[in-house]
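The next block holds one structure in the form of C-alpha cells; read it before the comments.
The values are calculated or read from the model by the stated rules, or taken from the named source; none is laboratory data. Worth saying up front: this structure is predicted, and the values here are computed from it rather than measured. Heads up, the Cβs are rebuilt from the backbone with ideal geometry, glycines too, and the neighbour counts pull from every protein chain shown.
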C-alpha cells in the first residue's frame, strides 16, 4: 500500500508565513532613528570602512549588500525593513521550535508564538530597520542548538554578537544549557564554546577596530564599551518602576485613539476570558523548573536593564522570547484556547491603538514634514543647517534631491554667497530652524526660511 506524506504545513511554519505576510503588508512609518542612521550611512558611504559600527558590527554590511545588489534603485531603509519582516517571521518559527523542545504541546506553542508575534514592541521593531531582530533570531536559534551541538550553538551566538553587542549577555544562558546537557563534560564543552563565541567575537571586533574609519575612542577597550552622551545614573525605585512599565510595554503599546471605545472593551473581554480560563485550570499549571535556563536568560537581560538605561523598552526585546517561553512551559497543560484568547486581546488592542497608527505618515511629524516640504523643494534646492538633529535625518533622507549644507556658526556672508550660487542655476536656499536658533532666532521645529539672493 502506498504511503503518502502529510501535505499540511507544520503549525510553526504556517504561523511564520502568516506573520511574514502581515508584517510586510503593514511596515511601520514610525521610524526609529537607528534605522535612519543606518540607511543614511549605507547610501552615502564612500568606503566600506564607514559601515563598521561597534554596537552592531555587521548589520550595515547586510543592508549595504542588499542596496548594492539592486543597484541603488530601492532605498536602503525599505530593504532593511523588508528583511526584518522576514527575519521576524523566521524568529517566530524558531520560537515555536524552542517551545516544542521544552515540552509544550503544538497548540499551546502556536498560541504562545502568536502572543509573541502580536506583542507591541516586537511588531514595531520587526517592521522597522534595526539590528535587534536579527540578533534575537540567532540567540533563539543558539538556545535550540546548544543542547544538540555546542559548537554550532557557539557559532550562532557569535553571529548574534556580530549583529548586536548586547547578545554577549546570553553567555550565562549558554553555560546553563551546557551544564544541563552534560555535567561530566561541562568544563570541556564550556572551554570550546567560549573559544568559539567569545574568542571569535573579540577577534572580529579587534579586526574591526583596526579597520574602522570612524573610531570614537582611543583604546580598543573603551571603543568596545563606547556609548555616546548618556551618563550612568542609578535610582533603585525608579529602575524598578521602569522594569515593570517597560516589560508591560513589550506586550501592549499605543495611545487612546477614536477606536479605543470599541477595541478597548473587546480586548478586555478577550483578556478576561483568557485569564479566567487559566485561573479555572490553575491546578494544571506546572513549574517551569526543567527549563530554568529560560529564567537565567530573562534575569540576565532584565537585570542589566535594571541598572542600564531602564527606560529603553526596545532593549527589553532580548528577554521577550524567554519570558514568553516561561509562560508557555508553565501553561503547557492548560487548554490552548485560553492562551489564544490572550493573543487575540493583544492583537485587538495593539493593532488599532499602536500598529496601524504607526503605519500612517501623518502620525510621524518629521516624516509628514519631509513629504510636505518635498512638494516645495525641486532638484537644485539647498538647505543650510547648524545641527544635524534626528528630525533632520528623516527630512533629509526623504528629500535626496536637496543639497544639505552644514554651517555650524552664523555666517551671513557665506549664506548669501551660497544663495547667490544656487540662484544662478535657478535654485533656492533655505535656512532650517537649527541654523536660525544659532543666530538667536527661535523658530518651531520643521521651520525652513528661504534666503533672499
Next item on the list: Could you please find all residues in region 145-165 being assigned to a loop (DSSP other than H, G, I, E, B) and either under 16 Å from the mean Cα position of the chain (by Cα) or surrounded by fewer than 18 Cβ atoms within 10 Å (Cβ to Cβ) (or both)?
Entry: 147, 148, 149, 164
Next item on the list: Please state which one of 373, 377 is more than 30 Å from residue 271 (Cβ to Cβ), in a helix (DSSP H, G or I), more than 25 Å from the chain's Cα centre (by Cα) and modelled with pLDDT of 95 or more.
Entry: 373
Next item on the list: State whether the residues of region 384-394 include one that is buried (at least 22 other Cβ atoms within 10 Å of the Cβ), outside any helix (DSSP H, G or I), over 22 Å from the mean Cα position of the chain (by Cα) and outside the structural domain of residue 257 (by TED's automatic domain parsing).
Entry: yes
Next item on the list: Could you tell me which numbered condition residue 81 fails, if it satisfies all but one of (1) under 30 Å from residue 221 (Cα atoms); (2) buried (at least 19 other Cβ atoms within 10 Å of the Cβ); (3) modelled with pLDDT of 95 or more?
Entry: (1)
Next item on the list: Only residues that are part of a loop (DSSP other than H, G, I, E, B), under 38 Å from the mean Cα position of the chain (by Cα) and in contact (Cβ under 8 Å) with a residue 12 or more places away in the chain: list them for region 441-453, please.
Entry: 445, 446, 447
Note to self: Here is a list: 342, 256, 240. Which entry is touching a residue at least 60 places away in the same chain (Cβ under 8 Å), loosely packed, with under 13 Cβ neighbours inside 10 Å, under 28 Å from the mean Cα position of the chain (by Cα) and part of a helix (DSSP H, G or I)?
What the structure shows: 240
Next item on the list: Just name the residue that is surrounded by the fewest Cβ atoms within 10 Å (Cβ to Cβ) out of those in region 401-427 that are part of a loop (DSSP other than H, G, I, E, B) and at pLDDT 95 or above.
Entry: 401
Note to self: Looking at (1) over 14 Å from the mean Cα position of the chain (by Cα); (2) within 17 Å of residue 57 (Cβ to Cβ); (3) crowded, with 24+ Cβ neighbours inside 10 Å, which one does residue 168 not meet, given that it meets all the others?
What the structure shows: (3)
Notebook entry, point to check: Here are 277, 248: which of them is in contact with a helix residue (DSSP H, G or I) (Cβ under 7 Å, 6 or more places away or on another chain), surrounded by 12 or more Cβ atoms within 10 Å (Cβ to Cβ), modelled with pLDDT of 85 or more and not in a loop (DSSP other than H, G, I, E, B)?
Noted result: 277
Notebook entry, point to check: Somewhere in region 292-305, is a residue surrounded by 16 or more Cβ atoms within 10 Å (Cβ to Cβ), over 18 Å from residue 170 (Cα atoms) and out of contact with any strand residue (DSSP E or B) (no Cβ under 6 Å at 6 or more places or on another chain)?
Noted result: no
Next item on the list: Test residue 208 against the criterion of being under 15 Å from residue 59 (Cα atoms), surrounded by 18 or more Cβ atoms within 10 Å (Cβ to Cβ) and at pLDDT below 95, and give yes or no.
Entry: yes
Check: Among 367, 294, which is the only one that is at pLDDT 95 or above and under 23 Å from residue 142 (Cβ atoms)?
Finding: 294
Notebook entry, point to check: In region 201-220, what residues are farther than 21 Å from residue 170 by Cβ and part of a helix (DSSP H, G or I)?
Noted result: 207, 209, 210, 211, 220
Notebook entry, point to check: Under the condition of being in contact with a helix residue (DSSP H, G or I) (Cβ under 8 Å, 6 or more places away or on another chain) and closer than 26 Å to residue 399 by Cβ, which residue from region 345-364 is surrounded by the most Cβ atoms within 10 Å (Cβ to Cβ)?
Noted result: 358
Notebook entry, point to check: Does region 416-434 hold any residues that are out of contact with any helix residue (DSSP H, G or I) (no Cβ under 8 Å at 6 or more places or on another chain) and within 23 Å of residue 369 (Cβ to Cβ), and which are they?
Noted result: 418, 419, 422, 427, 430, 433
